[in-house]
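Shown next, in structure tokens, is the structure this report addresses.
Rule-based calculations on the coordinates, nothing more; no lab input. What you are looking at is a predicted structure, and each value in this text was computed from that prediction instead of being measured. All Cβ positions, glycine included, derive from the backbone under ideal geometry; neighbour counts span all protein chains shown.
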Ligand SMILES: [Fe+2]
């Protein structure tokens with residue numbers, strides 16, 4: 001049985017994950033418009049991952065005998081000055097998600113809600129990976145700087161990324 005505060009927080013997190021998907025889609029659209037199909041693919045896969053995260057919350061809320069409420073998504077940022085800028089905004093967003101997952105975990109711990117505590121462990125590990133991934137791409141892009149060969153090699157590499165739901 002989930003208490004009201006936890007119910008609301010889980011539902012908010014589900015909607016936040018849907019919003020994250022929305023926001024990555026905006027980053028993909030920017031890259032597509034710049035004819036950077038590999039980077040666009042990277043963000044499209046990322047958007048799928050976020051939708052998968054949202055559905056994990058959706059399924060958990062249902063499994064706990066509650067009802068998920070789907071909310072309106074706010075408009076994501078659609079303006080980027082460069083691919084590096086998009087990745088820096090992506091990392092910022094992931095840090096916000098991490099904060100939100102930690103807050104949710106604190107609530108679950110305070111309520112001694114063990115099912116939720118266990119459910120959230122996967123997300124805590126996932127956030128470490130997400131932040132690390134974006135951080136290393138940012139470092140790479142900074143090192144590449146104006147080496148266009150290296151930049152297009154990275155674009156090629158990201159064209160191969162595909163969605164694989166982990167931990168299922
Ligand atoms: Fe996520």
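Assorted remarks:
- Helical mean residue ellipticity (222 nm; -39500 (n - 2.57) per DSSP H run of 4+; nearest 500) of the chain: -27000 deg cm²/dmol
- The simple spin-label model puts a point 7 Å past each Cα toward its Cβ; for residue 72 and residue 1 those points are separated by 3.5 nm.
- With Cα atoms, 0 to 90° folded angle of helix 148-159 axis to the chain main axis: 40 degrees
- Rg and Dmax of the chain, based on Cα coordinates, read 17.2, 56 Å.
- 4 °C / 1.567 mPa s Stokes-Einstein diffusion coefficient of segment 39-89, Kirkwood radius on C-alpha pairs, µm²/s: 97 µm²/s
- Annotation: extensible slack from residue 140 through residue 160 equals 5.4 nm (criterion: 0.36 nm per residue apart, minus Cα-Cα distance).
- Residues residue 85 and residue 124, FRET efficiency given R0 of 22 Å [Cβ-Cβ distance, rounded to 0.05]: 0.20
- Angle in degrees between helix 114-144 and the longest Cα principal axis of the chain, rounded to the nearest 10: 10 degrees
- Residue exposure sequence - 89, 121, 95 - by fewest surrounding Cβ within 10 Å: 121, 95, 89
- Ellipsoid equivalent to segment 90-148 - semi-axes via the Cα gyration tensor, in Å: 33, 10, 5
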